[in-house]
């Protein structure tokens, strides 16, 4: 299966006349035609054993926690409030009831700060592997969603969160030689969302566009650029160490994790305002009129870096 | 996995303070606290290869069609309008892009009468089996949903649709000796919803409760009875042949399919009105004050039948 190709074909086949709603291909749909006072946001994610997670190092609690965080992140990064979760699990024989309840305990723990209600779902058996499908619904005042398609020329690009840590943690887990107290492993298994800080930013500044980092900083920033038809220039600066607690300017392996590692659920956003940088919040770039490519990355020596040299192949 | 046991434990664990919303365990959640003018209905279903369907006899088009019908049925049986679908597919290597597009064509065909928009989803790979998770959203004017919990004493119980045919079709498919032109096989692979007739009924009569038959007539009727705290008496009558085009009063095997076969997506509903019977719409019983069990089945000889004698074990 060539995922991107297939998604393009599906988009073409399912093209709708209702251009008001954000459609398939986005992480989160904004449904505008349902109610008079609210837009409804819907996000859905599948997690498949041995594709997205391994029972070798994830506890069921961790998987539940992360299943929630991945979806909550999609909703809150648009400025909305998550309200109702629908959980579908397909469960092989090797997994017992207590494992599933642990999964739910992890899920509920992640939902607590948002008062998300578990409102339904489906439970079936499965032949071999554990399948998880979560649908999360959220609401926002009409037309207030922060979209990925609204970046403006000269916007500053910020990132909120610790970027690349999840990828570092995954590498350690895959190496087989790890310690559960390692911060990057904790980040991979139970990513943190900086919800309070994000709310403070939304309330204080005018945010034009945003996306959460599920696929990697460069790739997700390029979704903003492409959907807004802009070029985003990202520049490595002396503050970059803030976005990864393990950053070392001379370590290109960690730079690669920062630029291309997914599953941190940090937020990339653009704003015409200037926001003071701090631990886990830094300015990483600028939005420009579109010219020839969506993303440019300028390193600390003021040299444009070819992504391929970082092993990044999606561009 | 003991599904019913586990669901009880999950319900206990996820119990919410928000008793206004219908919760996990129902086929379809009615979310009341989202918008000022509408209730939002959400239903979600998983279909797993070799658990819920086999690629030996289902075409991808059929599976897509049925994935849609199962969810549409949940929404319309509550009197609501389905609006937006979210489709998550986990796809093994043996399935190619064209197979998936066929799945979508089937899904879209079933959605056509309702103008349902495909608004999102997720596409991932899978190790061995094809895994489908569909979430369907619908809307209805506030507090107008027909619930399963509102059956009234002396209500008549009706069924709209051809009951037990899907089960007969499945048996033929499993026997390996079948003809795709056989009506019961058609019903199993591509169930029909009698939407227009159901809308006519809703508009003309006061419907107190309803449910669609996904698990079997007796079991789904018992959900109405249990949720309404009533006893439903179902009686075999001379009109019973109408609900199954293959009905033969002396054939207990077919009676078993009628009473216990699932996936017809016929509607069971209760009303204090009298509705003229016709092809595919018959009166099958009566609602009474609860006494000792939720469902009684009285056969055409006026004898109460023990379900176990029909091989039915859920009671």
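Tabulated values for the structure
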{"read-out": "Residue count, segment B:130-142 (criterion: more than 7 Å from chain A (Cβ to nearest Cβ) and closer than 16 Å to residue B:60 by Cα)", "value": "3"}
{"read-out": "Subset of segment A:83-99 [surrounded by 22 or more Cβ atoms within 10 Å (Cβ to Cβ) and either within 15 Å of residue B:14 (Cβ to Cβ) or outside the structural domain of residue A:46 (by the TED database) (or both)]", "value": "A:83, A:84, A:85, A:86, A:87, A:88, A:89"}
{"read-out": "Selected residue (only one of A:304, A:277, A:263 is modelled with pLDDT of 85 or more and over 24 Å from residue A:197 (Cα atoms))", "value": "A:304"}
{"read-out": "So residue A:63, is it at the interface with another protein chain (Cβ under 7 Å from one of its Cβ atoms), crowded, with 19+ Cβ neighbours inside 10 Å and either in a loop (DSSP other than H, G, I, E, B) or touching a residue at least 60 places away in the same chain (Cβ under 8 Å) (or both)", "value": "no"}
{"read-out": "Residues satisfying the stated conditions in segment B:109-129, i.e. more than 7 Å from chain A (Cβ to nearest Cβ) and either surrounded by fewer than 17 Cβ atoms within 10 Å (Cβ to Cβ) or in contact with a strand residue (DSSP E or B) (Cβ under 8 Å, 6 or more places away or on another chain) (or both)", "value": "B:109, B:111, B:112, B:113, B:114, B:115, B:116"}
{"read-out": "Of all residues making up segment B:225-235, the number that are buried (at least 20 other Cβ atoms within 10 Å of the Cβ) and out of contact with any strand residue (DSSP E or B) (no Cβ under 7 Å at 6 or more places or on another chain)", "value": "0"}
{"read-out": "Residue in segment B:86-99 that is in contact (Cβ under 8 Å) with a residue 24 or more places away in the chain, under 16 Å from residue A:133 (Cα atoms) and more than 7 Å from chain A (Cβ to nearest Cβ) present", "value": "yes"}
{"read-out": "For residue A:210: the one exception among (1) touching a helix residue (DSSP H, G or I) at 6+ places or on another chain (Cβ under 9 Å); (2) assigned to a helix (DSSP H, G or I); (3) surrounded by 21 or more Cβ atoms within 10 Å (Cβ to Cβ)", "value": "(2)"}
{"read-out": "Filter result (more than 27 Å from residue A:82 (Cα to Cα), within 17 Å of the chain's Cα centre (by Cα) and modelled with pLDDT under 95) within segment B:33-81", "value": "B:52, B:53"}
{"read-out": "Residue that is modelled with the lowest pLDDT [pool: residues in segment B:18-32 that are more than 7 Å from chain A (Cβ to nearest Cβ) and buried (at least 22 other Cβ atoms within 10 Å of the Cβ)]", "value": "B:22"}
{"read-out": "Hits in segment A:267-289 - residues which are within 18 Å of residue A:149 (Cα to Cα) and in contact with a helix residue (DSSP H, G or I) (Cβ under 8 Å, 6 or more places away or on another chain)", "value": "A:267, A:268, A:269, A:270, A:285, A:287"}
{"read-out": "Residue satisfying all of: in segment B:150-201; over 20 Å from the mean Cα position of the chain (by Cα) and under 30 Å from residue B:228 (Cβ atoms); surrounded by the fewest Cβ atoms within 10 Å (Cβ to Cβ) among these", "value": "B:154"}
{"read-out": "Residue match in segment A:1-8 (condition: part of a loop (DSSP other than H, G, I, E, B) and modelled with pLDDT under 85)", "value": "yes"}
{"read-out": "Meets criteria (modelled with pLDDT under 85 and at the interface with chain B (Cβ under 7 Å from one of its Cβ atoms)) for residue A:15", "value": "no"}
{"read-out": "Given (1) assigned to a loop (DSSP other than H, G, I, E, B); (2) more than 7 Å from chain A (Cβ to nearest Cβ), index of the condition residue B:73 fails", "value": "(1)"}
{"read-out": "Residue under evaluation residue B:251, criteria (1) over 14 Å from residue B:161 (Cβ atoms); (2) at pLDDT 95 or above, criterion not met", "value": "(2)"}
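The values are calculated or read from the model by the stated rules, or taken from the named source; none is laboratory data. Computed from a predicted model, the values in this text were never measured in an experiment. Here the Cβ is made from the backbone with ideal geometry for all residues, glycine too, and neighbour counts use every protein chain on show.
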